[in-house]
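Quick note: the coordinates plus some simple rules give every number you see, no bench work behind them. It should be emphasised that the depicted structure is a prediction, and the values quoted were computed from it without experimental measurement. Cβ placement follows ideal geometry from the backbone for every residue including glycine, while neighbour counts extend to all protein chains displayed.
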Amino acid sequence: MQSRFTSDFFEGNRRRLRELFTGTAPIVISANGLLQRGGDSSYAFSQDANFWYLTGIDEPDLVLVMDRDKEYLIVPARSASREAFDGAVAFEQLARRSGIATIYDDHAGWEVLEKRLAKVKSIATISPPPAYVEAYGLYTNPARAIVVTRCKAINPEAELLDVGQHLARLRMIKQPAELQAIQAAIDITIKGIQGALKPARLQKYSHEYEIEAELGHTYRAQGAHGHAFEPIVASGERACTLHNVSNSGQLSADELVLVDTGAEVEHYAADLTRTRALGQPSLRQQAIHAAVLDVQRYAIELLKPGVLLREYEQQAASYLGEKLRELGLIKASETEAIRRFCPHAMSHYLGLNVHDIGDYDRPLEPGVVLTVEPGIYVPAEGIGVRIEDNVLLTDRGNKVLSSRLSRELS
């Protein structure tokens with residue numbers, strides 16, 4: 001299948017970054033590296049989204065250098081045994097894909113870069129994350145830190161300038177090819193959810209993982225790379241754990257099942273959630289689902305160019321608080337009380353990452369794609385409901401890209 005993304009797309013992104021970053025410092029950006037899974041095997045490679053946005057290349061450990069009117073790639077050396085297992089890197093293909101004509105092997109490329117870095121007062125890059133992010137309980141890819149350390153070893157006095165915020169501003173406004181990829185991912189996700197959650201099929205499942213397997217089969221069969229993130233299939237009280245990705249629970253006809261999933265198409269993600277009844281829903285289940293749906297409709301109506309996401313979140317949360325009060329879950333619409341039953345934000349940016357980068361202090365503009373995903377989670381009652389759609393900001397307001405997927409409970 002022919003890619004939606006040509007070298008013109010990546011060349012344009014590099015040009016816009018240079019225009020936004022007005023300094024004269026060389027820009028040095030690393031690809032991700034492979035991460036060990038066990039022994040001599042690695043996890044499936046996932047490219048750094050910023051590096052892909054600027055090059056379109058899916059190889060690990062490369063380095064992109066943008067220096068005034070010059071740009072080049074540095075390709076790491078591979079041993080003969082690794083080439084036998086993983087294949088050789090074809091420089092011609094990298095050039096065609098990225099539009100970067102100058103490509104060096106590791107030795108020659110770092111020799112050129114070292115000569116330049118030794119003379120500069122500053123180096124522009126993307127600040128590496130901490131090795132371990134305690135809030136999420138995860139270790140980060142070390143590739144950025146390794147490249148920064150190597151650059152600083154060449155010139156310890158050079159100031160490091162972070163271009164991450166510039167890339168966030170660029171990536172939050174989606175170009176036509178990006179919107180096509182996102183819409184394709186959404187359309188495939190809709191097919192997956194529609195097929196997996198048909199009432200007749202739901203009655204045949206015994207465990208959550210059967211729904212996960214059905215989704216993955218559809219995504220691959222429809223041309224997606226696979227899941228954009230670990231899917232969540234959680235029924236009953238398990239749906240009250242927001243990222244319950246074990247998908248191993250047994251299904252029960254008196255419970256609801258929450259499915260949070262998205263296909264990935266050419267690196268771009270969909271992110272949709274639906275909550276369905278496994279049998280005849282109770283009045284309480286219906287009431288909570290109806291409340292979440294009402295909050296989502298209200299939140300979507302708020303989204304338009306010029307809106308500040310922080311103010312939007314406050315308005316939507318306040319409306320959610322009123323619904324929680326009507327359900328008898330809280331007495332007063334106060335932030336702490338609301339967060340007990342909905343501890344996550346109403347929206348996040350969507351794109352190359354399912355939780356994409358963006359400037360939350362910048363007013364929304366046409367071309368931004370967001371999720372809208374209110375939820376109410378009541379562990380004591382074994383009920384967790386979330387409804388999530390993907391929304392594009394337009395000149396006139398917004399467009400729900402996933403509107404044809406039913407939000408009904410059964």
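Think of the chain as having a plus end and a minus end, set by charges on the Cβ of Lys, Arg, Asp and Glu; of His289, His243, Leu392, Leu392 sits farthest toward the positive end of this dipole. Across the options Ser79, Phe21, Leu35, the greatest Cα extent toward the positive end of the charge dipole of region 1-86 (unit charges at beta carbon of Lys, Arg, Asp, Glu) belongs to Phe21. Only beta bridges with both residues in region 7-170 are counted; by DSSP, about 60 percent of them are antiparallel. Here the 3J(HN,Hα) profile of region 71-84, calculated from phi with Karplus coefficients 6.51, -1.76 and 1.60 at θ = phi - 60°, is 8, 7, 10, 10, 10, x, 6, 10, 5, 4, 5, 5, 4, 5 Hz, Gly and Pro shown as x. Taken over the Cα atoms of the chain, the convex hull encloses 158 Å³ per residue. Each 10 Å bin, from zero up to the one with the longest distance, holds this percent of the alpha carbon pairs of region 108-264: 9, 24, 23, 20, 14, 7, 2.
Evaluated on region 192-291, the Kirkwood hydrodynamic radius is 13.7 Å, with distances taken between all distinct Cα atoms. Between beta-carbons, use under 10 Å as the cut-off and find the net charge around Glu178, counting Lys and Arg +1, Asp and Glu -1. Computed value for this residue: +2. Each Lys and Arg contributes +1 and each Asp and Glu -1, all at the Cβ; summed about the Cα centre of the chain, the dipole is approximately 540 debye. Split the chain at each of the GluC sites (Glu not before Pro) in a DSSP loop with at most 13 other beta carbon atoms within 10 Å, and the longest piece is 158-333. Please state the shape class of region 188-244: rounded when a/c is under 1.5, otherwise prolate if a/b exceeds b/c and oblate if not, all from the C-alpha gyration tensor. Oblate. Within the listed set Thr22, Thr261, Thr394, the residue fluctuating most in the Gaussian network model of the chain (springs between alpha-carbon atoms under 10 angstrom) is Thr22.
Ranking Tyr319, Tyr219 by Cβ neighbours within 10 Å, fewest first, what do you get? Going from least to most buried by this count: Tyr319, Tyr219.
When only Cα pairs below 8 angstrom with a gap of at least 6 residues are kept, the chain shows a relative contact order of 14 percent.
Computed over region 218-367, the quotient of the alpha carbon radius of gyration and 2.2 N^0.38 Å is 1.15.
Taking Cα centre as origin and charging only the Cβ of basic (Lys, Arg, +1) and acidic (Asp, Glu, -1) residues, the dipole magnitude of region 7-170 rounds to 420 debye. Each helix, a run of at least 4 DSSP H residues, gives -39500 (n - 2.57); summed and divided by the residues of the chain, these come to -11500 deg cm²/dmol at 222 nm. For region 309-387, the set of trypsin sites (Lys or Arg not before Pro) satisfying both a DSSP loop assignment and a count of at most 12 other C-beta atoms within 10 Å is given as Lys331. Couplings 3J(HN,Hα) for region 42-51, derived from phi with the Karplus relation 6.51 cos²θ - 1.76 cosθ + 1.60 (θ = phi - 60°), are 10, 5, 4, 5, 10, 6, 4, 4, 5, 5 Hz, where x marks Gly and Pro.
Around the Cα centre of region 275-339, unit charges on the Cβ atoms of Lys, Arg, Asp and Glu (plus for the first two, minus for the last two) sum to a dipole of about 220 debye. Rounded to the nearest angstrom and listed largest first, the equivalent-ellipsoid semi-axes of region 1-155 from its Cα gyration tensor are 23, 20, 17.
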